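The values are calculated or read from the model by the stated rules, or taken from the named source; none is laboratory data. Computed from a predicted structure; not experimentally measured. Cβ placement follows ideal geometry from the backbone for every residue including glycine, while neighbour counts extend to all protein chains displayed.
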Amino acid sequence: MIYLNAEVVSGLGEDTFWTWFQREFPSSRLGLPRKLGSEDIVLQYSTLGFANRSGKSLALLWELLPQMRDVLQSDSWDSRLKLIHECARFSTWRTTPTPLTSPHYDRFGSVDVLPIGVDTDLFKPLAEKRSLREKFSIPVDRKVGIWVGTTHPMKGFGRVVEAAQRDPHVHWIVVWKWEAEAGHLHGGSNFTKVPQVMLRELFNCADFFLSSSLLPSFFMAEWEAMACNLPIHFSDETLVKDFVPSPNPRDDVLRWHWDRKTARGLWADYLQGKGVAW
Amino acid sequence: MRISILSLIYKSPRLADWIHDSVTEFTPMIARREAQFTFVANDPTEECLHHLQSRGYKHIVVRNPHRSDEELFRLGFGAPEYMHRVYRAYNEGMRQAESNIVVLVNSDNYFSPDWLENLEKYLSQRVVVTSRLVEPGHPRHGVFPDAIAAAFGGTVDTFDRKGFLDFAEKTKETGLMVGGAYMPCMIFRSVALDAGLYPEGNLAGRSFDQVRRYGDEAFYDRLRRAGVRHLTALDSVVYHLKEGEKDDGPLSAERRKAPGFPPPVARPAPARRLEVVNRTVDGTATLGVRTWRLYLGEAGRRIRRIPRSPVEIARAILPSWAFNGLRGVWRAMRGKRVGDG
């Protein structure tokens, strides 16, 4: 049995790793059981601390707090980092989504890289760019950039504002994750809390995605943009990322095994190798 | 350097390479200079010493006085004679260790990923942590109590590396077990020194050949008396060929007579599995099953047992002979009632 101990399963009603995993592994259950059998495992979200059970556990070290601490030089997240480190230390195994984040945790033991996965059936290139732009009242004859994020400093919204001022010919689509952390870009097309289908359409309205992040890791929205084969432009060209996206970033997603079909196989093989039955 | 890993060696270059390669491969702390691996060359042969030197293996040399059986018996030690030298060497290794944490391993151990990290995470001043041992069994010595019996070869040549590593991945789980095998073990050097280290041999009974208590058991007895609990980390999995240096190569008739490793010792009860049940606000882990609580933290780590049932209270306050006697009477009465019914 696989137990999924999530902090938030789906905060905006979107299809997340958790909802996808439950579909792909139908016998898996949300939550933490009282006891674990010898063939059970808990997939423990790192901010919950360590799974308080004797048995097999896998720490999902997906949070970017260690990177934020390094880049933003702040101790604001130390209490959450403590929980994350506890989770990494006491879990039987550890996983990060890409090799770049592994060194933050290798003092606790070996770290395995497993993809979170992106829905490449949903996020894919669409042919009808002109009609989509008309649908969302986006100029059909201008170069269009898209950015997705929040006002959190790590997202680098200030860099979007700078880019908009630097090149006024570009029209901007700005998608805010939720209202609580939403700003506004004057002159741009601002959207808040959009469903995933609409996000795919907005990606397909654009000519490029602006990655303004201060952190080395790609955000999920960036993976989804790449799955739509949207070229990625970087505000900071010197920032070391997991990889430099090619002119056809969808190929990169597949090459990194981040499509859900491949990801499912990798997860199944991984769990089988740990003696987990489901 | 935080951790010193110590292995005895005396004659086998093959086993020296075997354990050096294994410990280096599965201990990234060595590459990060957080741990170091050191051979304790114990009365080494010239060939063995030359091998350690030529390979650049870090080692210390221990030369032991060779005492007769009679001399050892007068000192309170029993058979076999060579265990006197084995325990002396481990003690000398701990004395000379450069780190505050020492790990003792056997030269016929093979390690698996995270074996060392998963010992250290449970270590405290009040705990000696041992690995979960996997053994193939031995025609003479069987399988050590609390070890997992699984055969992945009995010699360096027949060792099934992939088979063992796959097995280790499937077997390991987060958690602790009370008691277990005695090696590999991790302990604070100061704690081991304060407890008095190993006795320099198996403890003799009425004669030299009659062993009253094996040396490693006696060392753990000393630790227990000092308030240090023996726990096994279920996620630190280590293979034991059970074919030590004595068995590596032709054996002399004299050596064939001597027992190789302390044979399995009957234990009064199977070890109990502990479960992580709570976490304190300062980040220390609280582990336990019902009445057991084990506090792991940098300071003030302690273990306490809170009796809850009448049986547990009786067990806690009565001498074991009185408790066992009462339990026998109670069982007899219960059996009579069942018979009457």
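Name the residues in the stretch A:1-12 that are out of contact with any Phe, Trp or Tyr (no Cβ under 7 Å at 6 or more places or on another chain), within 19 Å of residue A:87 (Cβ to Cβ) and in a loop (DSSP other than H, G, I, E, B), would you?
Answer for the stretch A:1-12, where residues must be out of contact with any Phe, Trp or Tyr (no Cβ under 7 Å at 6 or more places or on another chain), within 19 Å of residue A:87 (Cβ to Cβ) and in a loop (DSSP other than H, G, I, E, B): just A:8.
What is the one condition in (1) crowded, with 20+ Cβ neighbours inside 10 Å; (2) of a type in the set (A, V, I, L, M); (3) more than 14 Å from every other protein chain (Cβ to nearest Cβ) that residue B:123 does not satisfy?
Residue B:123 satisfies all of (1) crowded, with 20+ Cβ neighbours inside 10 Å; (2) of a type in the set (A, V, I, L, M); (3) more than 14 Å from every other protein chain (Cβ to nearest Cβ) except (3).
Within the stretch B:47-59, identify whether any single residue is touching a Lys or Arg at 6+ places or on another chain (Cβ under 7 Å), of a type outside the set (Val, Ile, Thr) and at pLDDT 95 or above, and answer yes or no. Walk me through how you get there before you give the answer.
Let us first name the residues in the stretch B:47-59 that are touching a Lys or Arg at 6+ places or on another chain (Cβ under 7 Å), namely B:48.
Next cut, of a type outside the set (Val, Ile, Thr) only: B:48.
Keeping just the survivors that are at pLDDT 95 or above gives B:48.
Checking the stretch B:47-59: at least one residue is touching a Lys or Arg at 6+ places or on another chain (Cβ under 7 Å), of a type outside the set (Val, Ile, Thr) and at pLDDT 95 or above.
Assuming residue B:201 fulfils every condition listed in (1) modelled with pLDDT of 95 or more; (2) on the phi < 0 side of the Ramachandran plot; (3) away from every other protein chain (no Cβ under 14 Å) apart from one, which condition is it?
(2)
Looking only at the stretch B:70-108, which residues are touching a helix residue (DSSP H, G or I) at 6+ places or on another chain (Cβ under 9 Å), small (Gly, Ala, Ser) and surrounded by fewer than 21 Cβ atoms within 10 Å (Cβ to Cβ)?
B:99, the sole residue that qualifies.
Tell me which residues, restricted to the stretch A:69-109, are without any contact (Cβ under 8 Å) to a residue 40 or more places away in the chain, more than 14 Å from every other protein chain (Cβ to nearest Cβ) and β-branched (Val, Ile, Thr).
Listed by number, the list holds a single entry, A:96.
Scan the stretch B:4-21 for residues that are buried (at least 21 other Cβ atoms within 10 Å of the Cβ) and under 21 Å from residue B:99 (Cα atoms) and jot them down.
Scanning the stretch B:4-21 gives B:4, B:5, B:6, B:7, B:8, B:9, B:19.
What are the pairs with Cβ atoms under 9 angstrom where one residue, in the stretch A:115-132, is in a helix (DSSP H, G or I) and the other, located anywhere, is among the hydrophobic types (A, V, I, L, M, F, W, C) and surrounded by fewer than 19 Cβ atoms within 10 Å (Cβ to Cβ)? Sequence gap at least six, or different chains.
The qualifying pairs are A:129/A:140; A:130/A:140; A:132/A:126.
Could you tell me whether residue A:24 is buried (at least 19 other Cβ atoms within 10 Å of the Cβ), away from chain B (no Cβ under 14 Å) and either at pLDDT 95 or above or within 30 Å of residue A:241 (Cβ to Cβ) (or both)?
Working: buried (at least 19 other Cβ atoms within 10 Å of the Cβ): no; away from chain B (no Cβ under 14 Å): yes; either at pLDDT 95 or above or within 30 Å of residue A:241 (Cβ to Cβ) (or both): yes.
No, not satisfied.
Take the stretch A:13-31 and flag every residue that is in a loop (DSSP other than H, G, I, E, B) and farther than 22 Å from residue A:258 by Cα.
Filtering the stretch A:13-31 down to residues in a loop (DSSP other than H, G, I, E, B) leaves A:13-16, A:25-28, A:31.
Answer for the stretch A:13-31, where residues must be in a loop (DSSP other than H, G, I, E, B) and farther than 22 Å from residue A:258 by Cα: A:27, A:31.
Grab the helices (runs of 4 or more DSSP H) fully contained in the stretch B:2-69, keeping just those with 3 or more residues being under 28 Å from residue A:104 (Cα atoms) and in contact with a helix residue (DSSP H, G or I) (Cβ under 8 Å, 6 or more places away or on another chain).
On the way: elements: B:13-25, B:28-31, B:46-55.
Fully inside the stretch B:2-69 and qualifying: B:13-25, B:28-31.
Report yes if some residue within the stretch B:177-188 is within 10 Å of another protein chain (Cβ to nearest Cβ) and outside any loop (DSSP other than H, G, I, E, B); otherwise report no.
Our first condition is that a residue be within 10 Å of another protein chain (Cβ to nearest Cβ); within the stretch B:177-188, this holds for B:177.
Within this subset, residues satisfying the condition of being outside any loop (DSSP other than H, G, I, E, B) are B:177.
For the stretch B:177-188, residues within 10 Å of another protein chain (Cβ to nearest Cβ) and outside any loop (DSSP other than H, G, I, E, B): present.
Return only the number of the condition from (1) under 24 Å from residue B:18 (Cβ atoms); (2) within 14 Å of chain A (Cβ to nearest Cβ) that residue B:174 does not satisfy.
Going through (1) under 24 Å from residue B:18 (Cβ atoms); (2) within 14 Å of chain A (Cβ to nearest Cβ) one by one, residue B:174 breaks only (1).
Whether any residue in the stretch B:51-73 is hydrophobic (A, V, I, L, M, F, W, C) and more than 20 Å from residue B:197 (Cα to Cα) is what I want to check.
So the first thing to find is which residues in the stretch B:51-73 are hydrophobic (A, V, I, L, M, F, W, C), and the list is B:52, B:60-62, B:72-73.
Subset that is more than 20 Å from residue B:197 (Cα to Cα): B:52.
Yes, that holds for at least one residue.
Could you tell me whether residue B:168 is surrounded by fewer than 20 Cβ atoms within 10 Å (Cβ to Cβ), under 29 Å from residue A:51 (Cα atoms) and aliphatic (A, V, I, L, M)? Explain how you work it out, then say what you get.
Details: surrounded by fewer than 20 Cβ atoms within 10 Å (Cβ to Cβ): no; under 29 Å from residue A:51 (Cα atoms): yes; aliphatic (A, V, I, L, M): yes.
No; evaluated as a whole, the condition is false for this residue.
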